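Inspection log for the structure reproduced underneath, given as structure tokens.
Bear in mind these aren't lab numbers, they're just calculated from the coordinates by the rules spelled out. Bear in mind that the values here come from a model prediction, so they are computed numbers and not experimental data. Cβ coordinates were reconstructed from backbone atoms using ideal geometry, including for glycine residues, and neighbour counts include every protein chain displayed.
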Amino acid sequence: MSRSSEQTNLGHPRHWPMWFGLGVFWCISRLHWTEQRRLARGLGWFVFHFIRIRRRVVFTNLRLCFPEKTPAQIHALARAHYDSLALGLMETCAGWWAATPDLPAHRIEGLAHLDAALVRGKGVILLTAHFTTLEICGRLMAEAGTFGCLYRDPNNPVLAHIMRQQRERHATIAVHAKDLKGLIRALQAGHAIWYAPDQGKAIKSSEVLPFFGVPAITNTATSKIATLSEAAVVPYFAKREADHSYTLTIHPALENFPTPDHAADATRINLLIEEQVRRAPEQYFWVHKRFKHRGPGYPDLY
């Protein structure tokens, strides 16, 4: 279906509930941040206790990744994660619709590392991971004028349309996650592109590698993309602080990367992501089935 015909069909009555829901969240995004955080805590508590969306997945992931924690600590971390998920929903709305003066307090550390990598003229892979802060911090990076992104269409066409529209509006460029040639072209044109390889799928460019010491399907395509584009790989991570501000940290470009050993490169990336997750574990996207589809010989953990 073409994009024009897709947009025409978005007015069909079957899509009205989604439009209504988005309208509600647009209204919520007009509230003060204090009120949005209060709503997020209430929503997180309600979903955790009564709807239990992917709660078993969250507990399984946390037990696997933090075997040293007691059951009480795992429960507290899971509970905090649902608050973080709910707040991430509010942040997504702000990332899409908030005016620049209404964005939350934030700081970008290490911008010089990104500037130095961009000077090479071969683009930058902004290497990161799926945290609940990804939408708001993506918008904050876009405000700095140096942020392109990938997008993957959700199953709901209305949500897919809005997400694609907003990312195209705020980022320097938006590339579909499956468009490898488009990604290479964008990098070769000098863009810095947000790239998170931490949600692996059993595809050609994947291997079973340790994540928090647990075998997991791992995307090894980062090395291939860096080789084809000659782009620098610059780690970038964001954190929601206790004072409700946001810290976006850009690290120096990875040295000696890529190598001919793509599995070793991917393992290096996994270790880097683990280090960042430990800084704010409740903010990582634990509802994802990180340890699924590992192949013969591995148990079904979910």
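Starting with the fewest neighbours, write out Met141, Met90, Met18 ranked by other beta-carbon atoms found within 10 Å of each beta-carbon.
Met18, Met90, Met141
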Rounded to the nearest Å, the spacing of the alpha-carbon centers of the range 66-116 and the range 220-238 is 23
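Kyte-Doolittle cut-off 0.0, length cut-off 24 Å along the helix's own axis using Cα: show which whole DSSP H helices in the chain pass.
What comes out of the filter, once short or polar helices are dropped, is 71-97.
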In nanometres, the difference between 0.36 nm per residue of separation and the alpha-carbon distance of Glu255 and Phe46 is 70.7 nm
Between the modelled labels at Gln165 and Lys69 (7 Å from Cα along Cα→Cβ) the distance in nm is 3.8
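Find the relative contact order for the chain and round it to a whole percent, using C-alpha pairs within less than 8 Å whose residues are 6+ positions apart.
23
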With label points set 7 Å from each Cα along the Cα-to-Cβ direction at Lys292 and Glu230, the distance between them in nm comes to 4.0
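Can you list the equivalent-ellipsoid semi-axes of the chain, largest first and in whole Å, using the square root of 5 times each Cα gyration tensor eigenvalue?
One finds semi-axes of 28, 26, 21 Å for the chain.
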Within the chain, excluding any GluC sites (Glu not before Pro) found in a DSSP loop (not H, G, I, E or B) and having at most 10 other Cβ atoms within 10 Å, the longest uninterrupted segment runs 69-254
Quick calc, Ala76 & Phe25: beta-carbon distance into FRET formula, R0 25 Å, rounding 0.05, result 0.35
Length gained if Glu35 through Asp243 is fully extended, taking 0.36 nm per residue and subtracting the Cα-Cα distance, is 73.4 nm
Here the residues of the range 128-161 lying in the modelled label zone of Trp97, meaning backbone nitrogen under 18 Å from a point 7 Å along Cα-to-Cβ, are 135-137, 139-140, 157-161
